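The values are calculated or read from the model by the stated rules, or taken from the named source; none is laboratory data. Since the structure is predicted, the reported quantities are computational estimates derived from the model, not experimental observations. Counting neighbours? That spans all protein chains shown, and the Cβs are built from the backbone with ideal geometry, glycine included. Just so you know, the surface numbers come from the protein's heavy atoms only, side chains and all, with ligands and any DNA or RNA stripped out. Shrake-Rupley method; radii C 1.70, N 1.55, O 1.52, S 1.80 Å.
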Amino acid sequence: MASNAVPVLSFCFELLFLILQLPFSSVLQPGTTHEFSIQEATVYDLQLAFHKNQLSSKQLVEFYHKQIEIQNPVLRGVLELNPDALAQADKADQERKTKAPGSLSALHGIPILVKDNTATKDKMNTTAGSFALLGSVVPKDAGVVTRLRKAGAIILGKATLSEWSHYRSVAAPNGWSARGGYGKNPYTMDDPCGSSSGSAISVAANLVAVSLGTETDGSILCPSDSNSVVGIKPTVGLTSRAGVVPVSPRQDTVGAWCRPICRTVADATLVLETIVGIDTNDKATIKASKYIPKGGYAQFLRKDGLQGKRLGVMRYFYDYGKDTFQHETFELHLNTLREKGAILVDNVEIENIDEVYNGPSEGIALAFEFKYSLNAYLKDLVASPVRSLADVIAFNNKHPKLEKVKEYGQDLLVQSQNTNGTGTLEQALLNLKKLSKDGFEKALIRNKLDAVVVPGSIFSSVLAIGGYPGITVPAGYEKGRPFGICFGGLRGSEPKLIQIAYSFEQATTIRKPPPLRKL
């Protein structure tokens, strides 16, 4: 069984890793602190700058505060700032001076945004973007926040999201919440995709280096794809969901974003390594702990990670036409995978794929699970204006202008409230298990695959219903609009996916920052 201790990566290891694999010159330049570029800097870059006394955590927090002040009025990726962030930064700077080298974690002193459905027991709110939860008091930090704090990370603030993790209504647009407004893709100034939109927007626009989000179905993979960032959606249960406003305990998972300039899969891996592990408040973490490798995940950051990997190419999802730019780009990427030693198995099929996407089972299950898991979460709050899903619906009806009920409605909330789940739910859950076992799992086992490779985030539902992991890496830009490539595997396959994604990222280095957006 894996240890609950926060992983500690020594500076010696970090520096050795950097010397062996990372080019310093692109970010670190000789001279004073002023010559160090925080823009696009990764966790490794920032830690090295700390170590060389070129940067302090306080300066880093102040830099991100300034970026948020300039860009957030337009992008709306950040919902709320932590008033204690500078104090936490001062503490980190002092600890760096007094503690022995190698005793601090890789995330020590690094500012992180967390999605506004993730509880923080501090001066900030946890509202899932809804005014109905404004002023509520959580009993304690979410499990993943506890691990971040123990690692010495600085909780910079809360990221915006699609309200109730996009489980309020069909009509509400991606990235919109009553509290946060409409978050915008920094590249295109339109749809940021997914419910964890603010987490991706903020990382993409250099408002923060890393962030946490959650996924039920596509909420990490889709914003990563649309905003040109690396996103890791872990195996369900690998990271604790305790203290996270739920949609479905069966499908919910907490993951990370980072910027992909050469080594950002490495940054995402450091975050994953910090937040995985057993939490007695989330029983799923006990079962999933068997998947956590001894020695952590950083050992799988290998440039030759594609060598010998069998990857399934699912042409079913390549639906953009043979004469398009995206088709040409993905064919080039498939060639890159081959050149780096991967064995591609083309035209892999999932026999029941149409039923996965067109059948009613996932919708039936989510409606039941949302009602009962949300009611349990609300009842556990120390204080709250609402104590049940019925109360949330009533709040919205009482404040229709505040919550824009006329514009966007709340049909998913009402549908969930009206379900009783008997009979139909049991059949839906059985069917989802069968779809996963006879579909995705069968396809991978039959073809002896390590993972599949698909464009964009369209594969999210296959991964979601089975609790499988996925990693999205930037793949290109079409007329300025980003698109990504996704690698997905069976439960517990994060080590293989990290090898694959890191090796691909190192071979392509596609990421480019968006334009600076300001009023």
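Which one of these does G488 not meet: (1) closer than 30 Å to A390 by Cα; (2) surrounded by 22 or more Cβ atoms within 10 Å (Cβ to Cβ); (3) within 23 Å of the chain's Cα centre (by Cα)?
It is condition (1) that G488 fails.
Please work out if Y357 is in contact with an Asp or Glu (Cβ under 9 Å, 6 or more places away or on another chain), hydroxyl-bearing (S, T, Y), in contact (Cβ under 8 Å) with a residue 24 or more places away in the chain and open to solvent by 40 Å² or more (accessible area, probe 1.4 Å). Give the steps one after another, and end with the answer.
Values: in contact with an Asp or Glu (Cβ under 9 Å, 6 or more places away or on another chain): no; hydroxyl-bearing (S, T, Y): yes; in contact (Cβ under 8 Å) with a residue 24 or more places away in the chain: yes; open to solvent by 40 Å² or more (accessible area, probe 1.4 Å): yes.
Criteria not met by Y357.
Limited to the stretch 194-252, what total is found for residues that are free of Cβ contacts under 8 Å to residues at least 60 places away in the same chain and farther than 19 Å from Y182 by Cβ?
The number of residues fulfilling the criteria is 1.
List every residue pair whose Cβ atoms sit under 7 Å apart, with the two residues 6 or more apart in sequence or on different chains, where the first one lies in the stretch 424-437 and is on the phi < 0 side of the Ramachandran plot and the second, anywhere, is open to solvent by 80 Å² or more (accessible area, probe 1.4 Å) and among the charged types (D, E, K, R).
As it stands, the answer is L435/E355, since those pairs meet every condition given.
Looking at the stretch 47-65, which of its residues are open to solvent by less than 10 Å² (accessible area, probe 1.4 Å) and under 16 Å from I155 (Cα atoms)?
Across the stretch 47-65, the qualifying residues are S57, L60, V61, Y64.
Within the stretch 379-405, count every residue that is touching a residue at least 24 places away in the same chain (Cβ under 8 Å), of a type outside the set (F, W, Y) and part of a helix (DSSP H, G or I). Give the steps one after another, and end with the answer.
Taking the stretch 379-405 and keeping what is touching a residue at least 24 places away in the same chain (Cβ under 8 Å), we get 380-386, 389-393, 395-396, 399, 402-404.
Still in the running and of a type outside the set (F, W, Y): 380-386, 389-393, 396, 399, 402-404.
Remaining after also requiring part of a helix (DSSP H, G or I): 389-393, 396.
Counting residues in the stretch 379-405 that are touching a residue at least 24 places away in the same chain (Cβ under 8 Å), of a type outside the set (F, W, Y) and part of a helix (DSSP H, G or I) gives 6.
If you check S211, S195, which single one turns out to be open to solvent by less than 10 Å² (accessible area, probe 1.4 Å), over 23 Å from R168 (Cα atoms) and touching a Leu at 6+ places or on another chain (Cβ under 8 Å)?
On the way: S195 fails: over 23 Å from R168 (Cα atoms).
After ruling out the rest, the residue left standing is S211.
Among the listed residues L378, L430, which satisfies the condition of being of a type outside the set (S, T, N, Q) and more than 19 Å from V245 (Cβ to Cβ)?
Numbers: L378 fails: more than 19 Å from V245 (Cβ to Cβ).
Of the residues listed, the single one that is of a type outside the set (S, T, N, Q) and more than 19 Å from V245 (Cβ to Cβ) is L430.
Would you be able to tell me the number of residues in the stretch 120-141 that are open to solvent by 30 Å² or more (accessible area, probe 1.4 Å), hydrophobic (A, V, I, L, M, F, W, C) and assigned to a loop (DSSP other than H, G, I, E, B)?
1
For every residue, the table says whether it meets (1) open to solvent by 10 Å² or more (accessible area, probe 1.4 Å); (2) among the aliphatic types (A, V, I, L, M); (3) within 13 Å of the chain's Cα centre (by Cα).
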residue	(1), (2), (3)
V271	no, yes, yes
T280	yes, no, no
K294	yes, no, no
A298	no, yes, no
L306	no, yes, no
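Out of the residues in the stretch 66-83 meeting the condition of being more than 15 Å from G175 (Cβ to Cβ) and among the β-branched types (V, I, T), tell me which one is most open to solvent (accessible area, probe 1.4 Å).
Only one residue tops the list, namely I70.
Restricting attention to the stretch 406-433, report how many residues are in a loop (DSSP other than H, G, I, E, B) and either more than 26 Å from the chain's Cα centre (by Cα) or charged (D, E, K, R) (or both).
7
Anything in the stretch 180-209 that is touching a strand residue (DSSP E or B) at 6+ places or on another chain (Cβ under 6 Å) and within 13 Å of D116 (Cβ to Cβ)? List them, or say none.
G180, S196, G198, S199, S202
For the stretch 496-511, check the following and say yes or no: at least one residue is more than 19 Å from the chain's Cα centre (by Cα), open to solvent by 20 Å² or more (accessible area, probe 1.4 Å), at pLDDT below 95 and of a type in the set (A, V, I, L, M, F, W, C).
Taking every residue of the stretch 496-511 in turn, at least one turns out to be more than 19 Å from the chain's Cα centre (by Cα), open to solvent by 20 Å² or more (accessible area, probe 1.4 Å), at pLDDT below 95 and of a type in the set (A, V, I, L, M, F, W, C).
For the stretch 104-119, state whether one or more residues are surrounded by fewer than 24 Cβ atoms within 10 Å (Cβ to Cβ) and part of a helix (DSSP H, G or I).
Within the stretch 104-119 (the criterion being surrounded by fewer than 24 Cβ atoms within 10 Å (Cβ to Cβ) and part of a helix (DSSP H, G or I)), the answer is no, since none of the residues qualifies.
Contact list please: Cβ distance under 6 Å, first residue in the stretch 333-353 and under 20 Å from A443 (Cα atoms) and open to solvent by 20 Å² or more (accessible area, probe 1.4 Å), second residue modelled with pLDDT under 95 and not in a strand (DSSP E or B), pairs at least six apart or on different chains.
Going by the 6 Å Cβ cut-off, the qualifying pairs are N347/R315.
Answer yes or no as to whether T253 is open to solvent by less than 20 Å² (accessible area, probe 1.4 Å), closer than 17 Å to G143 by Cβ, among the hydroxyl-bearing types (S, T, Y) and in contact with a helix residue (DSSP H, G or I) (Cβ under 7 Å, 6 or more places away or on another chain).
no
When you go through S436, S384 one by one, which is the residue that is within 26 Å of the chain's Cα centre (by Cα) and among the hydroxyl-bearing types (S, T, Y)?
Numbers: S384 fails: within 26 Å of the chain's Cα centre (by Cα).
The match here is S436.
Any residue in the stretch 237-247 that is touching a Ser or Thr at 6+ places or on another chain (Cβ under 9 Å), part of a loop (DSSP other than H, G, I, E, B), open to solvent by less than 10 Å² (accessible area, probe 1.4 Å) and closer than 16 Å to G470 by Cα?
The answer is yes, given that some residue of the stretch 237-247 is touching a Ser or Thr at 6+ places or on another chain (Cβ under 9 Å), part of a loop (DSSP other than H, G, I, E, B), open to solvent by less than 10 Å² (accessible area, probe 1.4 Å) and closer than 16 Å to G470 by Cα.
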